[in-house]
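Asks: This is the structure I have questions about; it appears just below.
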Amino acid sequence: MKVLHISRTMGQGGAEKIVYQLCRDNSAQEQIVVSCGGVYADKLEQDGIKQYKIPDLDNKNPFVMLKCLALIFTIVRREKIDVIHSHHRMAAFYARIVAMFLGTERVYTAHNVFFNKIRLLQFALKGSSIVAVGDGVKRNLIDTYAIDPEQIRTIKNTIRNTRSKQYNPLLTQLREQGKILIGSIGRLSRQKGMDVFVKAFGMLRQQHPEKDLVAVIVGEGEDHAELESLTKMLGLENSVLFLGFQENVLDIITQLDLVVLASRWEGLPLTPIEVFSQKRTMVCTDISGNNEIVKDGVNGILVPVDAPESLSEGMFKIIENPTLKQTLENNAYKTFSSEYNYDDFISSYNEVYELCK
């Protein structure tokens, strides 16, 4: 069976990583990817996975839209695609139009929660198999978009727990100096709440100057310059590290004492799953998606959204109490081992594809 994955980009992001994993590790199907490129596109090329590059699916210029549609139509017909697997709402829209002419089966994975473009998504998903990456995403599809629950299957995101053991030398040096490393991993955007993390870290340093703390921010994004300005304004430029995008994120996690995720909204984020896989714990916001993985006081700590004071308190609670930290870390790894099996993740998607026959 030939599966065509359509993603807006293959850049840094959870959805893009899921596409990459499905292509790299699912030998049961022949995988082809369509996107406008990115870091994971380079990795796909290294792995010998066939790709086509098209314009940005979010571009609403009518001529660009027609070009996208024509290119996808041509690829599906030329490659004799059996299933179009969309990972973006506009990808699902184009897939529906192509399928109206070619009769190709469709799968759509909802990677996040949305509250707009209701008619567009309803049109795009008519007759399509749908995968929700978490319970909150499924509820969003039902409550906001009036999608039939019988049309939706939940397949939780997960990761393959393999490390390169290529450690960051600067983090190694800081650990040897006895620094406490608190990390935040993700796209530098409003969604991920990196600004809240920086503010909370500043409060923590101010309230507990006896602690030798360093913040480690892993990722790239549109808010990079703004976040660097914020660190300077708060006098934190010498205690906040911006590492940029890191391929060896699991190795980075093992070098951190604690991870923070201050997201304002999520689908089912990969960061807590990655953190738990390395027997680390975290403080994160109590929102849909995050609280499906992180259970307050069991495997991590949940705090209100957009509340740097509470976030600071949560971080201090863990770094001040080694016994609590150890308990949370042990439970975090148990959560990963029991609920986020990678082989089950791959086989679940194969079951979805097989039902399309």
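Please treat every number below as a calculation from the coordinates, not as lab data. In this text, all values refer to a predicted model and were calculated from it rather than measured experimentally. Here the Cβ is made from the backbone with ideal geometry for all residues, glycine too, and neighbour counts use every protein chain on show.
Asks: Loop only by DSSP, 11 or fewer other Cβ within 10 Å of the Cβ. Give me the chymotrypsin sites (Phe, Trp or Tyr not before Pro) in region 100-202 that pass, ordered by residue number.
Replies: Values: sites: Phe101, Tyr108, Phe114, Phe115, Phe123, Tyr145, Tyr167, Phe197, Phe201; in loops: Phe114, Phe115, Tyr167.
Here the chymotrypsin sites (Phe, Trp or Tyr not before Pro) that fit, given the DSSP loop and packing criteria, are Phe115.
Asks: Can you tell me the dipole magnitude for region 155-247 around its Cα centre, using point charges on the Cβ only (Lys, Arg +1; Asp, Glu -1), in Debye to the nearest 20?
Replies: Approximately 480 debye in magnitude.
Asks: Kindly put His224, His88, His208, His5 in sequence by how many other C-beta atoms sit within 10 Å of each C-beta, fewest to most.
Replies: His208, His224, His88, His5
Asks: OK, next. Counting other beta carbons within 10 Å of each Cβ, put Lys165, Lys317 in order, fewest first.
Replies: Lys165, Lys317
Asks: Using the Cα centre of the chain as origin and beta-carbon charges of +1 (Lys, Arg) and -1 (Asp, Glu), tell me which of Thr254, Gly48, Ile301 is placed farthest towards the positive end of the dipole.
Replies: Of the candidates, Gly48 comes out farthest on the positive side.
Asks: Test of understanding: ordering Ile49, Ile318 by Cβ neighbours within 10 Å, fewest first, what list do you get?
Replies: Details: Ile49 17, Ile318 21.
Going from sparsest to densest Cβ surroundings: Ile49, Ile318.
Asks: For region 304-349 and region 16-89, what is the centre-to-centre distance using only Cα atoms, to the nearest Å?
Replies: Cα centroid to Cα centroid, the span is 33 Å.
Asks: Taking the Cα centre as origin and putting +1 on Lys and Arg beta-carbons and -1 on Asp and Glu beta-carbons, what dipole magnitude results for region 204-345, to the nearest 20 debye? Intermediate values should be presented prior to the final figure.
Replies: Values: 10 positive and 24 negative charges, 102 e Å.
That gives a dipole near 500 debye.
Asks: With a cut-off of 8 Å between alpha carbons and a minimum separation of six or more residues, what is the relative contact order of region 1-73 in percent?
Replies: 31 percent
Asks: Highest GNM mean-square fluctuation, the chain, Cα pairs closer than 10 Å: which of Gly103, Gly136, Gly300?
Replies: Checking each option, the largest mean-square fluctuation is seen for Gly103.
Asks: Identify which of Ile346, Ile118, Ile155 has the largest mean-square fluctuation in a Gaussian network model of the chain, with springs joining Cα atoms closer than 10 Å.
Replies: Ile118
Asks: To continue, here is another question. Classify region 284-330 as rounded, prolate or oblate from the Cα gyration tensor: take a ≥ b ≥ c as the square roots of its eigenvalues, call it rounded if a/c is under 1.5, otherwise prolate when a/b beats b/c and oblate if not. List each step's numbers first, then the result.
Replies: Details: a/c = 3.77, a/b = 1.23, b/c = 3.05.
Oblate.
Asks: Rounded, prolate or oblate: which fits region 133-247 when a ≥ b ≥ c are the square roots of the eigenvalues of the alpha-carbon gyration tensor, with rounded for a/c under 1.5 and prolate only if a/b beats b/c?
Replies: Since a/c reaches 1.5 and a/b is larger than b/c, the shape of region 133-247 is classed as prolate.
Asks: Label the chain by shape, choosing from rounded, prolate and oblate, from the square roots a ≥ b ≥ c of the eigenvalues of the Cα gyration tensor; if a/c is under 1.5 it is rounded, and otherwise prolate applies when a/b is larger than b/c, oblate when it is not.
Replies: Here the chain falls in the prolate category.
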